[in-house]
Amino acid sequence: MPAFAAPDGTELVYHVTGEGEPLLCLPGGPMRASAYLGDLGGLSGHRRLVMLDLRGTGDSAVPSDPATYRCDRQVADVEALRVHLGLDRVDLLAHSAGGDLALLYAARHPRRVRTLTLVTARARALGVDFTEEHRREAAALRAAEPWFGAAHDAYEAVWAGSATDADWDAVAPFFYGRWDAAAQAHSASDLEQSNLEAGDLYATSGAFDPDAARASVAALDARVLVLAGELDGSPLPRVAAVVAAMFPRAELAVQPGAGHFPWLDDPRGFAHTVATFLGAAGPSGSGEDPAEIAS
């Protein structure tokens with residue numbers, strides 16, 4: 001497996017699939033191994049996916065200092081990967097909590113980013129995040145699902161702060177557009193792929209300076225795609241639109257029927273939307289082209 005050294009000497013591993021121009025992919029979780037991204041619904045048919053295992057996850061080494069799990073302290077890891085690959089500018093894709101890391105990288109290294117694709121991504125780095133009310137709003141969209149009753153009861157326990165492991169398992173269907181066998185297998189791999197200690201430290205105090213980050217991205221020359229799932233509460237599509245509006249060159253795409261992992265809900269549609277944005281689309285999939293928004 002290809003590897004490189006982070007500035008503090010920690011060995012970091014990345015996984016490569018597909019051919020063509022590289023697309024650097026940052027996983028979420030936070031701090032979940034990149035394996036859960038799969039091939040992003042066949043996006044590897046359009047681009048060479050370079051999927052980083054963040055420090056302490058997947059095949060990457062555990063750092064000597066756990067404080068380096070904090071999101072802002074991993075920006076140097078992403079920059080080290082760019083240098084290792086010999087790229088002057090990068091196309092960067094991030095999912096979920098990985099969005100914070102990608103945003104901080106773009107804020108710190110704006111001239112190194114050619115495109116930025118944020119997939120159902122958090123934006124605490126910009127002072128925007130989902131809330132319990134957002135989750136409830138998205139959950140209500142699933143009221144007709146056969147699993148809704150038990151899952152919603154479990155969600156109430158989560159919101160009350162009294163959730164058991166069984167409750168966390170029971171709310172999993174809310175994160176997927178279809179609670180089918182593929183979604184269930186994907187969800188079942190979450191715990192074994194995640195570094196929970198690192199995840200607890202990822203967004204600790206001092207990780208984000210939203211005012212500074214917003215000022216930086218407001219001048220970002222890179223093209224940006226913010227992709228939201230119609231059924232996702234983290235973020236809701238209207239919250240994703242707020243994030244997109246912070247960039248001078250942004251597009252918002254809302255994938256119909258998708259949850260938090262849109263490449264599982266409609267693989268061809270997801271890959272087509274992202275590939276079209278990147279300028280490398282193949283045969284048309286079932287998804288719609290991204291809709292440009294004024295910003």
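The numbers here are math on the coordinates, done by the rules we state, and not lab data. Model, not experiment: these values are computed from the prediction. Here the Cβ is made from the backbone with ideal geometry for all residues, glycine too, and neighbour counts use every protein chain on show.
The calculated FRET efficiency for the pair Gln184 and His84, based on their C-beta separation and a Förster distance of 41 Å, comes to about 0.65. The ranking of Ser64, Ser205, Ser189 by Cβ neighbour count inside 10 Å, starting from the fewest, reads Ser205, Ser64, Ser189. Anisotropy class assigned to region 170-242 is oblate, per the alpha carbon gyration tensor with a/c at or over the 1.5 cut-off and a/b no larger than b/c.
Comparing Ala245, Ala185, Ala33 in a Gaussian network model of the chain, where Cα atoms under 10 Å apart are tied by springs, the biggest mean-square fluctuation is seen for Ala185.
Using just its DSSP H runs of length 4 or more, each adding -39500 (n - 2.57), the chain gives a mean residue ellipticity at 222 nm of -9500 deg cm²/dmol after division by all residues. Among Ala172, Ala143, Ala107, the residue with the largest mean-square fluctuation in a Gaussian network model of the chain, with springs joining Cα atoms closer than 10 Å, is Ala143.
How big is the charge dipole of the chain about its Cα centre, in debye rounded to the nearest 20, if each Lys and Arg gets +1 on its Cβ and each Asp and Glu gets -1 on its Cβ?
Numbers: 23 positive and 40 negative charges, 197 e Å.
Here the chain has a charge dipole of around 940 debye.
Would you work out if region 1-98 is rounded, prolate or oblate? Take a ≥ b ≥ c from the square roots of the eigenvalues of the alpha-carbon gyration tensor; rounded if a/c is under 1.5, else prolate when a/b is larger than b/c, oblate otherwise. The shape class here is prolate.
Assuming a ≥ b ≥ c are the square roots of the Cα gyration tensor eigenvalues, decide whether region 134-175 counts as rounded (a/c under 1.5), prolate (otherwise, with a/b larger than b/c) or oblate. The shape class here is oblate.
Our estimate of slack between Leu141 and Asp165, defined as 0.36 nm per intervening residue step minus the Cα-Cα distance, is 6.2 nm. Between Arg70, Arg136, Arg32, the Gaussian network model of the chain with springs among Cα atoms under 10 angstrom shows the greatest mean-square fluctuation at Arg136.
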